[in-house]
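In what follows, a single structure is set out as structure tokens and then discussed.
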Amino acid sequence: MKKNLKMVIILSILLFAYISICAISYAQNVSSDIANSVFRLHVIANSDSQEDQNLKYKVRDNLLNYMNLICKDCSSKQEAIEIVKQNKQIFEQIAIDTVEEQGYSYPVEVTIGNFEFPTKHYGDISLPAGFYDALKIKIGEAKGQNWWCVMFPPLCFVDISSGIVPESSKELMEDNLSEEEFALVSNSSNGEIQFKFKLLEFFNHTGLITAKK
């Protein structure tokens, strides 16, 4: 009897280990695929004061106006990144000019890299927590609240109140993801899809996986 119980325990442990490895592998692959399909924008305010937060939004608006001008015809993430790299100094100058025009002398730091993001919702599109390539703008001490959006596919101009992402943006994202991956980020009401999204969030929040390159 004890021998049988011991065997059941061993088999249960092995089964749990196998399921865990499969789940982590699935979450790792899906997180990487999603992260490799989007390029994000991250603006950090000097502080949480109302003045600094208002300044952050001024900088954001001017950056978005320029970004929309140069990236509106991009058809891939890599194309968007290359255009942003070529115009990095212009992005920096736009941010600096905006800060000075608003009467501040904060320094501005602009970097393009791979950064950690929390789960974010953009209308009816959701991106799980993980590491994503992004253009990051730090204003002053960069100790204030963050503002995020997605430069590619273009989700920065989504009217969040409407809860609807333009079909053109969805098509670009769908072209770069598998059918299941697109279902994961498009807020599907399917119970299995919602469970898988929660699985991604769990593994990313616990640090068991990252999409970092």
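Tell me, which residue of segment 84-106 that is buried (at least 18 other Cβ atoms within 10 Å of the Cβ) and either among the aliphatic types (A, V, I, L, M) or touching an Asp or Glu at 6+ places or on another chain (Cβ under 7 Å) (or both) is farthest from V38 (Cα to Cα)?
The qualifying residue farthest from V38 (Cα to Cα) is V99.
Restricting to segment 101-125, name every residue that is farther than 25 Å from Q86 by Cβ and assigned to a loop (DSSP other than H, G, I, E, B).
Scanning segment 101-125 gives Q102, G103, Y104, S105, Y106, P118, T119, G123, D124.
Mind listing just one residue for me: the one in segment 30-77 that is outside any helix (DSSP H, G or I) and surrounded by fewer than 14 Cβ atoms within 10 Å (Cβ to Cβ) and, of those, modelled with the lowest pLDDT?
So the residue we want is K72.
Conditions (1) modelled with pLDDT under 75; (2) under 18 Å from the mean Cα position of the chain (by Cα); (3) more than 22 Å from A80 (Cβ to Cβ), marked per residue:
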| site | (1), (2), (3) |
| --- | --- |
| L127 | no, yes, no |
| F152 | no, yes, no |
| L155 | no, yes, no |
| S162 | yes, no, yes |
| V165 | yes, yes, no |
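Among (1) over 21 Å from D61 (Cα atoms); (2) surrounded by fewer than 20 Cβ atoms within 10 Å (Cβ to Cβ); (3) at pLDDT 65 or above, there is one condition K143 misses while meeting the rest; what is its number?
(1)
Kindly list, by first and then second residue, each pair from a residue in segment 106-127 that is on the phi > 0 side of the Ramachandran plot to a residue that is buried (at least 18 other Cβ atoms within 10 Å of the Cβ), limited to pairs with Cβ atoms under 6 Å and residues at least 6 apart or on different chains.
G123/V158; G123/V165
Please give the number of the condition I24 fails out of (1) under 30 Å from L184 (Cα atoms); (2) modelled with pLDDT of 90 or more.
Exception for I24: condition (2).
Being modelled with pLDDT of 95 or more, assigned to a helix (DSSP H, G or I) and among the small types (G, A, S) is true for just one of A80, A95. Which residue is that?
After ruling out the rest, the residue left standing is A95.
Just wondering, is there one or more residues in segment 82-105 that are closer than 27 Å to E181 by Cα and under 16 Å from the mean Cα position of the chain (by Cα)?
no
Could you tell me how many of the residues in segment 126-159 are part of a loop (DSSP other than H, G, I, E, B) and either touching a Lys or Arg at 6+ places or on another chain (Cβ under 6 Å) or over 16 Å from K72 (Cβ atoms) (or both)?
Qualifying residue count for the region: 9.
On the phi < 0 side of the Ramachandran plot and at pLDDT 70 or above, is that true of I90?
It is true that I90 is on the phi < 0 side of the Ramachandran plot and at pLDDT 70 or above.
The values are calculated or read from the model by the stated rules, or taken from the named source; none is laboratory data. Because the structure is a prediction, the values reported are computed rather than measured. Here the Cβ is made from the backbone with ideal geometry for all residues, glycine too, and neighbour counts use every protein chain on show.
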